[in-house]
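Notes follow the structure.
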Amino acid sequence: MSTPTAIARSSGTAAFATAVESALTQFFATRRATVQQLGPVFVEAADELELFVLRGGKRTRPSFAWTGWVGAGGDPNAADATAVLNACAALELVQACALIHDDIIDSSRTRRRFPTVHVDFEQRHRNRGWIGDPEHYGTSVAILVGDLALAWADDMVHASGLDPAVIARFAPVWSQMRTEVLGGQLLDIYGEAGGDESVEAAMRINRYKTAAYTVERPLHLGAAIADADPALIAAYRTFGTDIGIAFQLRDDLLGVFGDPAVTGKPSGDDLREGKRTVLLADALQRADLTDPAAAALLRASIGTDLDADQVERIRALLTDLGAVDEVERRITELTEQGLAAIEASSATASAKEQLRAMALAATRRAA
């Protein structure tokens with residue numbers, strides 16, 4: 001794998017992603033003997049998890065954690081740098097758990113242009129002519145594969161090679177992050193079922209479901225490893241919250257307006273799934289005040305099996321109401337706030353430059 005020295009200036013680049021994937025590959029190899037003892041069924045499930053984790057992704061969370069460590073004085077040339085990289089890479093297993101379970105919750109059929117894990121195992125059941133309901137089997141296996149990812153994330157941290165004193169600083173932040181992402185997912189489910197249409201509720205979901213474990217806590221974890229001072233941790237958390245929410249707001253726009261050839265998801269999928277986004281909440285708020293017919297159409301359409309023409313009509317409505325411009329304004333404002341917080345911090349100059357580039361990449365992306 002790439003050495004920490006080689007990736008010292010490469011957070012967020014292909015070189016860093018390769019180093020993270022090498023660390024993950026080595027970790028999966030250490031699990032193989034235990035997995036094989038449980039027999040071919042478990043081997044198949046573990047192989048699917050490994051394939052899912054290594055098949056794609058930008059390695060955003062490990063990159064923020066690594067940059068947080070370097071920015072707080074961590075030395076990529078030091079003896080403990082490989083252990084730090086291993087701990088940062090474990091975030092990809094938390095991400096795998098979240099994505100696998102999220103795909104079940106959202107009834108998504110594809111992920112990165114491949115069948116989602118539950119759909120894959122559903123098809124395996126069907127192809128083999130097994131007893132019972134293929135869909136239930138696929139869902140059941142995928143839940144366990146997601147659970148395995150979360151369990152192995154903990155294992156990877158503890159096997160990373162970090163000093164016990166560092167683990168003691170790292171563990172409370174890691175624990176908080178896991179709780180926040182699960183809580184954010186529950187808030188999301190509740191929001192859809194309970195029909196909470198407020199912008200405040202959607203922003204709260206963005207804060208905990210995405211921002212906390214995508215940017216804020218990974219930076220915090222890197223800072224904890226480096227034993228950063230409270231002022232830098234506070235700056236990291238402000239930056240992480242603002243940029244993480246802006247990241248999710250961009251994702252909300254892509255979920256409605258994104259090109260399927262770029263995003264890898266069907267056009268308008270978020271509308272069909274009925275996601276309670278800030279985009280939708282703002283549009284409903286505006287429509288209730290100015291266009292009751294548009295509000296009624298939105299409420300009747302969201303969460304239904306919309307065809308291409310209906311998706312295009314909803315897109316036009318969201319644009320005409322001014323909701324798209326409002327989300328873009330929020331993205332710009334949050335990005336500027338986050339960048340100002342990190343610029344005023346004591347982070348190293350190279351980390352500030354890297355975080356600025358990562359923030360802009362996250363909030364201006366097309367996929």
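What follows is calculated from the coordinates using simple rules that are stated; it is not laboratory data. These numbers were taken from a predicted model, which means no experiment stands behind them. All Cβ positions, glycine included, derive from the backbone under ideal geometry; neighbour counts span all protein chains shown.
What to note about this one:
- Unit charges at the beta carbon, dipole of region 241-367: most positive-side option, ILE243, THR263, LEU318: ILE243
- With the simple model of a label 7 Å out from the Cα in the direction of the Cβ, ALA367 to LEU186 spans 3.5 nm.
- Qualifying lysines (Cα of each under 23 Å from Cα of LYS209; at least 8 residues distant if same chain): LYS58, LYS265, LYS275
- Proximity of backbone amide H atoms, modeled 1.01 Å from N, is registered between THR110 and THR116 at under 5 Å, excluding neighbours fewer than 5 places apart on the same chain.
- Three-way shape call for region 163-367 based on the alpha-carbon gyration tensor, with the a/c threshold at 1.5: prolate
- Computed lengthening from THR290 to ALA234, 0.36 nm per intervening residue step minus Cα-Cα distance: 16.1 nm
- Working note: 222 nm ellipticity from helices only, DSSP H runs with n ≥ 4, each -39,500 (n - 2.57), summed and divided by the residues of the chain, gives -24000 deg cm²/dmol to the nearest 500.
- ALA15-ASN127 pseudo-label distance in nm [points 7 Å out on the Cα-to-Cβ vector]: 4.0 nm
- For the pair ASP102 and GLU273, the difference between a 0.36 nm per residue extended length and the Cα-Cα distance amounts to 60.4 nm.
- Cα centre as origin, Lys/Arg/Asp/Glu Cβ charges: region 1-161 dipole, Debye: 480 debye
- Förster radius 25 Å - calculated FRET efficiency between ARG113 and VAL43, Cβ distance, rounded to 0.05: 0.50
- Note that region 308-321 has calculated 3J(HN,Hα) couplings of 4, 5, 5, 4, 5, 5, 5, 4, 4, 5, 4, 6, 5, 6 Hz, one per residue in order, obtained from phi through the Karplus relation 6.51 cos²θ - 1.76 cosθ + 1.60 (θ = phi - 60°); glycine and proline are x.
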